[in-house]
Amino acid sequence: MRSSIALLLALVVAGCTGGAGVAPASTAAPAASAAPAASAALTGIGAGLQGPAGLAATVYATGLANVSAFAFDGDDRLWAATAGFDDDGTDAVYLVASAGAAPTRVIAGLHTPLGLVWDAGVLYVASEGRVEAYSDLDDGVFATRTTVLTLPDGVGEVNGLVKSPDGRFMLGVSAPCDACTPTSVYAATVVSFLLDGSDLRVEASDIRAPVGLAYYPGTDDLFVTMNQRDDLETATPGDWLALVRSGQSWGFPDCYGQDGTACEGVPEPVAELDAHAAVSGVAIVERLGTSIGSSAVVAEWAKGVVLRVTLAADGATYSGTVQPFLTGLTNPVPVAAAPDGAILVGDWGTGTIYRVAPA
């Protein structure tokens, strides 16, 4: 199976980029905001990046070409996965023990790892067709590896992984196609399962590519980034940031946000992002410095930018306003809120991890 990163790059070269989306089937959300102008109100904030005044960017780590996912362990150390253009078995997971430290490869021989979660001393890795658990870390080596979940044939890329407030894992699984009707019930979905891999169930369906997953702190509100279909030429809408609830159907492949009967009963996203953007990682911040409040920070791989979607609670959902956040990147993919409140962004194209915090 091709790497989703490889698929995205191939589509960009052809003039379009990969993805799909998920939305609530119960009640339509307020109209999503449009994608922002390229670089309004940004200034140099250090490390070659442009961002909002009052923030400072520094280089956290280098040497992680094709960086694809982040997680922090119980000692607040950063772990980073890499997923290359070619799925040739050379992808890996690295430990970055502190800012400025050289990355140390701990797990090798992986296939497109796009999701990482540390929980109770165990590192969970979502990669091609599966989720594995690594435990008993001693002197830089995991003594135990267990395959927690194996997905059936007929699914697409296995994407972001996050632990829900009720203790289950939530996992994004792409469709294996741009505009087909998948044959597997688990394709084009957000699924959940217990930490031992049991009780696998579909939480939200008919989503072409749910990529990044993040909960709003202190709630069970799950935000998901979604790539759109790419066979629609000028009709292609922007990629989406959406609030995903259990039981939703997002209408893929027939509904992609257009007017008409195909999208009846399918909710709108919280925000519409750039078209053909290959939207990827997402992190939620409640406060970053004095000027940035409740927001989703979203990476757009194909555009080389990170956007900020300001979030305002609106009944059972949120309304979002899209603003530029970071430029000066090549292909950002993972985004994470660090334990100290900073934002970390990984540039897949250069292998550099940036830290963004109040100046």
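The values are calculated or read from the model by the stated rules, or taken from the named source; none is laboratory data. Everything quoted here is computed from the prediction, not taken from an experiment. Here Cβ is always computed from backbone atoms with ideal geometry, including for glycine, and neighbour counts include all displayed protein chains. Only protein heavy atoms, including side chains, enter the accessible area calculation; ligands, DNA and RNA are left aside. Shrake-Rupley method; radii C 1.70, N 1.55, O 1.52, S 1.80 Å.
Mean-square fluctuation check for the chain, GNM, Cα pairs under 10 Å: which of VAL309, VAL141, VAL191 is largest?
With Cα springs under 10 Å in the chain, the top fluctuation among VAL309, VAL141, VAL191 is at VAL141.
Starting from the amide H of SER68, placed 1.01 Å from N in the peptide plane, find each other amide H under 5 Å away whose residue is 5 or more places distant or on another chain.
Amide H neighbours of SER68, under 5 Å, 5+ apart: ALA81, THR82, ALA83.
Heavy-atom accessible area per residue, the chain, 1.4 Å probe: how many Å²? Before the final figure, lay out the partial values.
Numbers: 13400 Å² over 359 residues.
I get 37 Å² per residue for this part.
Would you mind checking which residues have amide H under 5 Å from GLY129's amide H? H placed 1.01 Å from N; only 5 or more apart, or other chain.
Here VAL158 satisfy the definition.
Which net charge results when you count Lys and Arg as +1 and Asp and Glu as -1 among the other residues whose beta-carbon is under 15 Å from that of ASP347? Could the numbers behind the result be given before it?
Details: positive: LYS303, ARG355; negative: GLU300.
Spelling it out: positives minus negatives among the neighbours equals +1.
Calculate, axis by axis, the spread of Cα positions in the range 172-261 along the three principal axes, and write the results as whole Å, longest axis first.
Ordered largest first, the range 172-261 gives principal extents of 43, 31, 22 Å.
Using a Gaussian network model of the chain with C-alpha springs under 10 Å, which one of ILE284, ILE207, ILE107 is most mobile by mean-square fluctuation?
ILE107
Looking at [x] 46, 22, 17; [y] 27, 25, 19; [z] 34, 26, 21, which value of semi-axes √(5λ) of the Cα gyration tensor in Å comes from a calculation on the structure shown?
For semi-axes √(5λ) of the Cα gyration tensor in Å, the calculated option is [y].
Heads up, I need the accessible area for VAL117: 1.4 angstrom probe, whole protein in place, Å², nearest 10.
20 Å²
Summing Lys, Arg as +1 and Asp, Glu as -1, what charge do residues with Cβ under 13 Å from the Cβ of LEU243 carry, LEU243 excluded? All intermediate terms of the calculation are to be shown ahead of the outcome.
Numbers: positive: ARG245; negative: GLU203, ASP220, ASP221, GLU268, ASP314.
Result for the neighbourhood of LEU243: -4.
Computing the accessible area with a 1.4 Å probe over protein heavy atoms, can you report the carbon and sulfur percentage for the chain? Intermediate results must be reported in sequence, preceding the final value.
Working: 6530 of 13400 Å².
Carbon and sulfur atoms account for 49 percent of the accessible area of the chain.
I need to check one value: relative contact order of the range 225-297, counting alpha carbon pairs closer than 8 Å and at least 6 residues apart, in percent. Show your work: numbers first, answer last.
On the way: 104 pairs, mean separation 24.6, N = 73.
Relative contact order for the range 225-297 comes out at 34 percent.
Using a 10 angstrom cutoff on alpha carbons, build the Gaussian network for the chain and name the most mobile of VAL282, VAL59, VAL67.
Among VAL282, VAL59, VAL67, the largest GNM mean-square fluctuation belongs to VAL59.
How high is the relative contact order of the chain, in percent, counting Cα pairs under 8 Å that sit 6 or more residues apart?
Details: 1131 pairs, mean separation 77.2, N = 359.
Once normalised by length, the contact order is 22 percent.
May I ask for the Kirkwood hydrodynamic radius of the range 191-320, worked out over all distinct Cα pairs and given in angstroms to one decimal?
On the way: mean 1/r = 0.0645 Å⁻¹.
With all distinct Cα pairs of the range 191-320 included, I get 15.5 Å.
Given the rule -39500 (n - 2.57) for each run of at least 4 DSSP H residues, summed and divided by the residues of the chain, what is its mean residue ellipticity at 222 nm, to the nearest 500 deg cm²/dmol? Numbers along the way, then the final one.
Working: 1 runs with 10 residues, N = 359.
Result for the chain, helices only: -1000 deg cm²/dmol.
More than 11 Å apart: what percent of Cα pairs in the range 232-279 qualify? Don't jump to the answer; show the numbers that get you there.
Working: 791 of 1128 pairs.
Tail of the P(r) past 11 Å holds 70 percent of the pairs.
Where Rh denotes the Kirkwood radius from the mean inverse Cα pair distance, what is Rg over Rh for the range 94-194?
Numbers: Rg = 15.0 Å, Rh = 14.7 Å.
A ratio of 1.02.
Taking H placed 1.01 Å from N in the peptide plane, check which residues at least 5 places from VAL305 or on another chain put their amide H under 5 Å from its amide H.
GLU300
Around PRO324, with a cut-off of 13 angstrom between Cβ atoms, what is the net charge of the other residues, counting Lys and Arg +1 and Asp and Glu -1? Walk me through the numbers on the way to the answer.
Details: positive: LYS303, ARG308; negative: ASP274, GLU300.
Net local charge, PRO324 excluded: 0.
Evaluate the charge dipole of the chain about its Cα centre and quote only its size in Debye, nearest 20, assuming +1 on the Cβ of each Lys and Arg and -1 on the Cβ of each Asp and Glu.
Working: 15 positive and 38 negative charges, 127 e Å.
Value, rounded to 20: 600 debye.
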